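What follows is a single structure, written as C-alpha cells, with notes after it.
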Amino acid sequence: MNPRELKENRKLLTIWSYEHHPIERGYNNRTLYINVVTREIKEKPVTGLMKDKFIGGKGFGLKLLWDATKPDTRWNDPENEIIISPGPIGGIIQYSGAGKSLLVSISPQTDSVMDSNVGGFFGPFMKFAGFDALELQGRAEEDVIIYIDGVNHRIEIFKDPGFSTDSHILCEELTGAFADDERDVKNIGIVSTGAAAEHSLIGMINFTFWDIKRKKVRLKQAGRGGIGTVMRDKKIKAIICKIAGVKPNLNNVVDLKAIQERGRRYAREVAELDDSQNQIRKKGTANIVNVMSDYDLLPTHNFKYGTHKDAFKIHSDLLRDKYFTLGVNDACWAGCALQCAKGVDDFVLKTGPYKGAAVIVDGPEYETAAGLGSNIGIFDYDAIIEASFYCDTYGICTITWGTVVAFIMECYEAGILNKERTGGLDLHFGNIEDSLELLHQLARGEGFGKIAGLGIRKMKEIFVKEYGAAPRFLNDIGMENKGLEYSQYISKESLAQQGGYAMTNKGPQHDEAWLIFMDAVKNLFPTLEDKAEALHYFPMFRTWFSLMGLCKIVWNDIVPADNELQPESHKVPGHVDNYVVAFNAVTGLNIDKKELIRQSERVYNFQRIFNIRRGYGLRKHDAQPYRAAGPVTREEYESRAERYDKQMKEIIGIDPAGKTTEEKMAITRKYREDQYEKLLDAVYKRRGWTPDGVPTIAHLKEIGMDLPELMEVVAPLQ
C-alpha cells in the first residue's frame, strides 16, 4: 500500500478530543500526557510554580521527569519519559532562532538526566496545537504512531500499519499521508528515529521541517544521550503534529512591536555583516572547520592533535563552493535570518541500503564535519556527507558516532583491536569503507557495529575484560565524561573549556559552555577566578536558551558592528539586551539581564540535584579523561614538544633539559591534573556549591529554589 492507503487503513487504538484555546503570553498553561501502554491521554495544568521556577523548555521537562520517576528508575523502565517542550518564546517568527525544542529523558548512556535541543517544526506546532510540553510514558506492546491533530483538536494513537523505518523515508511518507494537499505539507511536523537507534544506546531523534523552496521534507537532530534509543524502546515509531498554519502572533505576546523592532535590527546585522564575519548563510556552522585547524583546535585522530596536513581538504570554502546549495532559505524555523541549516542536494550515495539514491543531506554542521572527518582521519567531504546522511536516517548522533569511531580506531592502532576482534573490519584512522560498514552493521544490528553502538564507557569495560586492555590507557584516551562522548573541540590548551565540558550536568556538550576560543586564543580568562566566573555566567546564560526555545547560534555567530567597543564584548551585550526585551515583550514581565541568569540558575541547580538524587552529580563525576587535558602518548607529546617544553619551563617552573619524553609527560600530567582540581574548587565556590559539587542550602535559598524535595536531597550532603 502507498502511504495514504496505509493511513486510511490504520488501526486506531485511542482517540482523545480536547478543547483548544489561544496561547496567553507565550504559554498554553497546560501540558499533554500520553502513556503508550495504558493509552491514557490527559492534559495537566501548568502551575504558577512551574512558570516561576522552571520557566519552560528544559525546565518544564526536568520538572515533569522528576515527578514521574524515582531515584532508581532506569532508562528502559516504562515509567521513564521523553518530554518535548519549546518554551515561552518558542514559536515566535519575528526574531531569529525561535524554533528550538528541548527534549529531556533518563539517558541510556549516562543513567542520569539528559537534555538535547533541536530545530524543526514539531515543537512550535505542538505549542500552537495547544500544549506547552508533551510528556511520553510507558512502553507499547507493538509499534505505535501518535498523531496530534491541531486542526480538529484530537489526539490519536494508532498501530503502525507498515510505514518505513528510516527517517528520510518515514517522514516523507507521513508528511504525504497526513497532508490534505500539496499546500498542506508545510503544516506537518514529525518526530522520528531510525533502524540503528533500535540496536544501540546512542540513538538520536529527528524533527522535520518543510523546505518550501526545495519542496522537500528535511531533518534536524536532537542528538545527545540516546533519547532516540528511549523512543524505540517505548515502541514509538513516530509522532505527527498538524496545524492549520503559522500566523504572525499565535503566541499572543504582550508587545509584538518591540519584538519586531529587535528582530528587524538583528536581520539587518545578518544581511550587512555575515559575509565579512562568518558566512553562516553560505557555510552554516561548518564555517569554523578551518578556523579550528588554524588555531590547533580541530580534533584529529581521537583528539590527539589539533590539525593535520590534509585539513585543507575539508576547508569550509569547499562546502560553500562545491556542496551546499546557495540562494535558498535554509531556515529550520520561520523568520530566521541566519538560515544556517545548509543542505547538500542530490547527493548520490555510494554504500549501504540506499546505494545509488540521490538524497538531500542536512549540513554537515561543524560538529559532524569534525567528528566524521578529521577526528577519524577522514579528509574527504564525500565520505563525511555519506556518513552524515546515514547517521541521520538511521537515528545516530553524529557527534557521538565520530568520537566512538575515533576511540575504536586508536584502540585498533594500539593493538587492542584487530580484524579478528572486529569481524574483519580494518579500522585504522582514515579507512572510509570500513568505517561506513561499521555504521551499516549497527543499523542491521549485527557484527562489531553493535559493540560500537554501546558507546565508549561500555566499550572500555568490554576491552578490559575480553581483550586484556590496560584500564588506565583506555580511561585516558576514551573521550567520555559521565558516559557521554565529547563534542568536537581540542580542550588541552583551554582549562576553561575542560571545565566547560566535564563540569556539565549532562556530559561534555558544547551547548553549555563554549569557551575555547575566548580562553585559548584571546586569553580573556587569565586567572582561575576569571575562568570560574566564565564557567558560572556562560553555562547559566546558555541554559536560558534551553528554557525559552531559542537557538544559541543567533546570539554570537554574527555580532553587531560596534560589539568590540562594548563592555564585556565577549557576552555580546547588544544581543543579550534583545533577549531581555523579547522575553518581557512575550510574557509582560519585567526582568533584567541579572534575572535572566537567575532564571537559569534555578533550573541548572535543579538539574544538578536531580542527578544527585540518581546517585550522580558529585565532584567525582566531573572528572575528565586525561586526553582532554594533556598528551597521553609519546607521539602526542612530541608533536607539540616545543610548546610543552616551553610551558614546563615558564609556567610549571621546571627545566625540561635532559629529561626523557616520559619524564616530561609525567610532570605535565601532574601539573595539568592539579590545575583542573583547582578549577573545580573555584567553580564550585562561584556557583554556591560545596567542595564536593553539591548546591548549598544557603545558595538554594538565595536563588529561591529551597523547595522541600530538593532540600531533602542536599541536606545530608552539606
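Read-outs throughout are calculated quantities, based only on the coordinates presented, and are distinct from any laboratory measurement. Note that the coordinates shown come from a computational prediction; the quantities given were computed from them, not determined experimentally. Glycine also receives a Cβ, built like all others from the backbone with ideal geometry; neighbour counts cover every protein chain displayed.
Things to note:
- Residue (of Thr31, Tyr684, Phe525) at the positive-pole extreme of the chain, dipole from beta-carbon charges: Thr31
- Relative contact order computed over the chain (Cα-Cα under 8 Å; 6+ residues apart), in percent: 14 percent
- Percentage relative contact order, the stretch 256-485, counting C-alpha pairs under 8 Å, at least six apart: 15 percent
- For the listed residue pairs Lys42/Lys220; Lys186/Lys355; Lys220/Lys342, the alpha carbons are over 18 angstrom apart in Lys42/Lys220; Lys186/Lys355.
- Relative compactness, the stretch 262-351, computed as alpha-carbon Rg over 2.2 N^0.38 Å: 1.26
- Hz values of 3J(HN,Hα) by residue in the stretch 618-627 - Karplus curve (6.51, -1.76, 1.60), Gly and Pro given as x: 10, 4, 4, 7, 9, 5, 10, x, 5, 4
- Cα gyration tensor shape for the stretch 495-717, rounded if a/c is under 1.5, else prolate or oblate: oblate
- For the pair Lys313 and Lys11, label points projected 7 Å from Cα toward Cβ lie 5.2 nm apart.
- Exposure proxy for Lys309, Lys482, Lys701, Lys235: other Cβ atoms within 10 Å of each Cβ, ordered fewest to most, give Lys309, Lys701, Lys235, Lys482.
- Sequence of Cys332, Cys241 once ranked by neighbouring C-beta atoms within 10 Å, starting from the fewest: Cys332, Cys241
- Summing Cβ point charges (Lys, Arg +1; Asp, Glu -1) relative to the Cα centre of the chain gives a dipole of roughly 1020 debye.
- Once exposed loop GluC sites (Glu not before Pro) are cut out (DSSP; at most 11 other Cβ, 10 Å), longest piece of the chain: 183-567
- Under 5 Å between amide hydrogens, built in the peptide plane, is the criterion, and for Lys659 it picks out nothing among residues at least 5 positions away or on other chains.
- Rounded Å value of the spacing that divides the Cα centres of the stretch 425-439 and the stretch 91-134: 34 Å
- Cross-link pairs beyond the 23 Å C-alpha cut-off, checked among Lys492/Lys670; Lys257/Lys283; Lys522/Lys646; Lys450/Lys482; Lys58/Lys159: Lys257/Lys283; Lys58/Lys159
- Placed amide H near Ala337: partners under 5 Å, 5+ positions off or other chain: Ser96, Gly97
- Gyration tensor verdict on the stretch 591-718 (Cα atoms; rounded if a/c is under 1.5, prolate if a/b is larger than b/c, oblate otherwise): prolate
- Largest-first principal axis extents of the Cα set of the chain (Å): 79, 58, 54
- Where labels lie 7 Å past Cα in the beta-carbon direction, separation of Gln566 and Val37 in nm: 5.0 nm
- Reachable aspartates and glutamates, given that their alpha-carbon falls under 12 Å from the alpha-carbon of Lys460 and they are not under 8 places away in the same chain: Asp476, Glu480
- Checked against a 29 Å cut-off, the cross-linked pairs Lys282/Lys309; Lys234/Lys593; Lys7/Lys322; Lys216/Lys506 give Cα-Cα distances beyond that limit for Lys234/Lys593; Lys7/Lys322; Lys216/Lys506.
- When the helices of the chain are scored as -39500 (n - 2.57) per DSSP H run of n ≥ 4 and the total is divided over every residue, the value at 222 nm lands at -11500 deg cm²/dmol.
- Hz values of 3J(HN,Hα) by residue in the stretch 498-508 - Karplus curve (6.51, -1.76, 1.60), Gly and Pro given as x: 4, x, x, 8, 7, 8, 5, 5, 9, x, x
- Rounded if a/c under 1.5, otherwise prolate or oblate - the stretch 3-242, Cα gyration tensor axes: rounded
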